[in-house]
Amino acid sequence: MSAFESYKETTRLLQAHERWFQESIPLIASENVSSPAVREALASDFGHRYAEGWPGERVYAGCTYIDEVELLCLDLVKKLFKAEFADVRPISGVVSNLVIYTAFTNPGDTMMALSIPCGGHITTGKKRLGGTAGAVRGLDVQYLALDYRELNIDVERTEKRVRKLVTEGKTPSLVMFGASVFPFPHPIKELADVFHDVGCTIGYDAAHVAGLIAGEIFQDPLKEGADVMSLSTHKTFFGPQHGSVVSWEKFSEQIKRATFPGMVSNHHLHALAGVTLACAEMLQFGKDYSRQVVKNAKALAQALHEVGFKVLAEHKGFTESHVILVDVTEQGDGGTIERGLEKANIIINRNLLPWDIREGRHFMNPGGIRLGTSEVTRLGMKESEMKDLAEFMKRVVLKGENSATVKHDVTQFRKEYSKLHYCF
Ligand code: DSN
């Protein structure tokens with residue numbers, strides 16, 4: 001392909017992708033869409049500039065307006081998360097977690113977190129699995145115990161594990177609450193003393209639930225005992241792809257230093273401007289939005305359950321967040337089902353169930369699928385539409401209907417939901 005043909009082809013692919021997503025039902029729990037104002041910020045001149053350092057102490061000239069935006073962003077983030085201190089420079093959730101590891105641990109330290117099959121994120125993974133905490137920061141990752149039925153951290157077993165680690169001379173210096181499969185608030189309050197009493201810093205990865213925390217519909221980690229919290233700004237929080245760390249004033253210097261010069265040089269100023277706009281949107285519309293996200297997740301879970309899917313945690317209403325986990329082992333495997341739904345323009349992701357590895361399943365063909373309702377909520381869908389989504393999924397997965405027929409109906413259905421809600 002010539003240079004110009006490659007150029008044209010890239011443009012064509014971008015347009016084809018946009019069109020496809022406008023005709024699809026987006027149910028990936030870690031995704032969302034940002035407002036037109038945020039998208040405009042992403043294309044602004046801020047994206048061409050450098051601003052290393054803290055506002056007012058930059059390494060470059062030309063930062064007059066950038067500094068003002070960043071100071072606004074800091075104020076808004078502190079307000080939304082009721083935090084004494086914020087650093088909005090980490091450029092992603094992964095980088096935000098690395099800032100926490102750098103600020104609060106030394107290589108070789110023990111860190112506790114959920115394992116990946118139990119919903120943990122790759123950033124909290126062990127070295128042998130290539131996880132960020134183990135492979136990049138050199139931490140010895142030990143697991144928090146998960147109660148499979150409750151889909152939440154088991155307080156009693158975790159407490160025992162901490163005591164055992166202390167007697168083995170492996171006292172954890174950091175625990176990371178939070179997860180990528182995160183249907184219920186984690187027991188920070190119940191475990192805060194257990195960790196603090198052994199000198200362990202309590203971290204919380206709010207990547208998935210930041211929008212729900214800001215909307216005051218989920219737990220408030222800092223109030224419940226967390227020392228520091230990392231964010232992604234683009235999952236339930238509906239900004240551009242970026243990160244942030246919030247904490248208490250007493251930890252501000254070590255976090256600032258870990259971020260710069262530790263983890264970022266430039267901090268993607270176009271994204272920072274987008275985050276600032278999204279924070280203002282969240283402040284104005286976040287309570288209504290986050291309540292509807294959770295209502296939709298519960299309604300989707302209930303509707304899927306009623307049409308015949310095995311949605312986990314039925315006995316506790318399936319979820320208190322944006323995410324639900326479905327066991328699809330009776331229908332096949334998560335990988336095949338993900339591909340089948342994609343052909344019908346229903347975009348979900350396959351997911352390990354906590355017991356999958358033990359039962360010999362693999363992340364390519366796991367026993368589960370994960371669904372999230374943030375993006376469909378932003379598109380204006382409510383509880384009644386969740387029944388339509390469950391019906392589409394039933395036709396593909398349970399009835400084996402031709403994907404092309406369902407795709408046609410999904411495309412027609414999506415035409416009613418082209419406007420973005422919860423923005424100015
Ligand atoms: N892997 C992403 C998720 O889907 O949860 C987070 O980075």
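The values are calculated or read from the model by the stated rules, or taken from the named source; none is laboratory data. This structure is a prediction, so every number in the text was calculated from the model and none was measured. Counting neighbours? That spans all protein chains shown, and the Cβs are built from the backbone with ideal geometry, glycine included. Keep in mind that these areas ignore ligands, DNA and RNA; they rest on the heavy atoms of the full protein, side chains included. Shrake-Rupley method; radii C 1.70, N 1.55, O 1.52, S 1.80 Å.
For the stretch 243-260, state whether one or more residues are open to solvent by 10 Å² or more (accessible area, probe 1.4 Å), within 20 Å of the chain's Cα centre (by Cα) and of a type in the set (A, V, I, L, M, F, W, C).
Within the stretch 243-260 (the criterion being open to solvent by 10 Å² or more (accessible area, probe 1.4 Å), within 20 Å of the chain's Cα centre (by Cα) and of a type in the set (A, V, I, L, M, F, W, C)), the answer is no, since none of the residues qualifies.
Failed condition for Ser321, given (1) under 16 Å from Leu212 (Cβ atoms); (2) touching a residue at least 24 places away in the same chain (Cβ under 8 Å); (3) out of contact with any Pro (no Cβ under 6 Å at 6 or more places or on another chain); (4) among the small types (Gly, Ala, Ser), with all others met?
(3)
Of the residues Thr102, Thr110, only one is farther than 20 Å from His267 by Cβ and modelled with pLDDT of 95 or more; which?
Working: Thr102 fails: farther than 20 Å from His267 by Cβ.
Residue meeting the stated conditions: Thr110.
What residue, among those in the stretch 10-33 that are of a type outside the set (Ser, Thr, Tyr), more than 16 Å from the ligand (Cβ to nearest atom) and surrounded by 12 or more Cβ atoms within 10 Å (Cβ to Cβ), is nearest to Leu300 (Cα to Cα)?
From the stretch 10-33, those of a type outside the set (Ser, Thr, Tyr) are 12-23, 25-29, 31-33; that's our starting set.
After this cut, where a residue has to be more than 16 Å from the ligand (Cβ to nearest atom) as well, the list is 12-23, 25.
Add one more test, that the residue is surrounded by 12 or more Cβ atoms within 10 Å (Cβ to Cβ), and what stays is 20-23, 25.
Numbers: Trp20: 23, Phe21: 20, Gln22: 21, Glu23: 20, Ile25: 13 Å.
Looking at the filtered set, the residue picked out is Ile25.
Output the residues belonging to the stretch 48-92 that are closer than 16 Å to Ser265 by Cα, open to solvent by less than 70 Å² (accessible area, probe 1.4 Å) and touching a residue at least 24 places away in the same chain (Cβ under 8 Å).
Residues satisfying the conditions are Ala51, Glu52, Gly53, Trp54, Ile66, Glu70, Asp87, Val88, Arg89, Pro90, Ile91, Ser92.
Could you grab me the full set of residues in the stretch 352-371 that are in contact with a helix residue (DSSP H, G or I) (Cβ under 6 Å, 6 or more places away or on another chain) and surrounded by 18 or more Cβ atoms within 10 Å (Cβ to Cβ)?
Residues of the stretch 352-371 that are in contact with a helix residue (DSSP H, G or I) (Cβ under 6 Å, 6 or more places away or on another chain), as a first pass: 364-366, 368-369.
The answer is Pro366, Gly368, Ile369.
Looking at the stretch 386-406, which of the residues that are touching a helix residue (DSSP H, G or I) at 6+ places or on another chain (Cβ under 7 Å) and not aliphatic (A, V, I, L, M) is farthest from Glu306 (Cα to Cα)?
If we take residues in the stretch 386-406 being touching a helix residue (DSSP H, G or I) at 6+ places or on another chain (Cβ under 7 Å) and not aliphatic (A, V, I, L, M), then Ser403 is farthest from Glu306 (Cα to Cα).
Any residue that is in contact with a Lys or Arg (Cβ under 7 Å, 6 or more places away or on another chain), within 16 Å of the ligand (Cβ to nearest atom) and closer than 25 Å to Thr123 by Cα - is there at least one of those in the stretch 49-61?
Applying the first criterion (in contact with a Lys or Arg (Cβ under 7 Å, 6 or more places away or on another chain)) to the stretch 49-61 yields 51-52, 54.
Among the residues that remain, those that are also within 16 Å of the ligand (Cβ to nearest atom) are: none.
No, because not a single residue in the stretch 49-61 is in contact with a Lys or Arg (Cβ under 7 Å, 6 or more places away or on another chain), within 16 Å of the ligand (Cβ to nearest atom) and closer than 25 Å to Thr123 by Cα.
Taking the stated definitions as given, is Val209 among the β-branched types (Val, Ile, Thr), touching a residue at least 12 places away in the same chain (Cβ under 8 Å), in contact with a strand residue (DSSP E or B) (Cβ under 6 Å, 6 or more places away or on another chain) and closer than 29 Å to Arg361 by Cα?
So Val209 fails the test.
For the stretch 292-350, name all the residues that are of a type in the set (Gly, Ala, Ser) and surrounded by 21 or more Cβ atoms within 10 Å (Cβ to Cβ). Quick ask: steps written out before the conclusion?
Restricting attention to the stretch 292-350, the residues satisfying the condition of being of a type in the set (Gly, Ala, Ser) are 297, 299, 301, 303, 308, 313, 317, 321, 332, 334-335, 340, 344.
Within the stretch 292-350, Ala297, Ala299, Ala301, Ala303, Ser321, Gly334, Ala344 qualify.
Does Gly131 satisfy the condition of being in contact (Cβ under 8 Å) with a residue 40 or more places away in the chain, in contact with a His (Cβ under 9 Å, 6 or more places away or on another chain) and of a type outside the set (A, V, I, L, M)? Give the derivation first.
Values: in contact (Cβ under 8 Å) with a residue 40 or more places away in the chain: no; in contact with a His (Cβ under 9 Å, 6 or more places away or on another chain): yes; of a type outside the set (A, V, I, L, M): yes.
No; evaluated as a whole, the condition is false for this residue.
Looking at the stretch 368-386, which of its residues are in a loop (DSSP other than H, G, I, E, B) and more than 21 Å from the chain's Cα centre (by Cα)? Please lay out each step first, then the result.
First, pick out the residues of the stretch 368-386 that are in a loop (DSSP other than H, G, I, E, B): 373, 379-382.
Of everything in the stretch 368-386, just one residue is in a loop (DSSP other than H, G, I, E, B) and more than 21 Å from the chain's Cα centre (by Cα), namely Lys382.
Which number in (1) touching an Asp or Glu at 6+ places or on another chain (Cβ under 7 Å); (2) away from the ligand (no atom under 16 Å from the Cβ); (3) open to solvent by less than 100 Å² (accessible area, probe 1.4 Å) marks the one condition that Pro36 misses?
Pro36 satisfies all of (1) touching an Asp or Glu at 6+ places or on another chain (Cβ under 7 Å); (2) away from the ligand (no atom under 16 Å from the Cβ); (3) open to solvent by less than 100 Å² (accessible area, probe 1.4 Å) except (1).
Restricting to strands (runs of 3 or more DSSP E) lying wholly in the stretch 111-228: which have 1 or more residues that are under 25 Å from Pro240 (Cα atoms), open to solvent by less than 30 Å² (accessible area, probe 1.4 Å) and within 15 Å of the ligand (Cβ to nearest atom)?
Working: elements: 140-143, 172-177, 201-205.
Qualifying strands (runs of 3 or more DSSP E): 172-177, 201-205.
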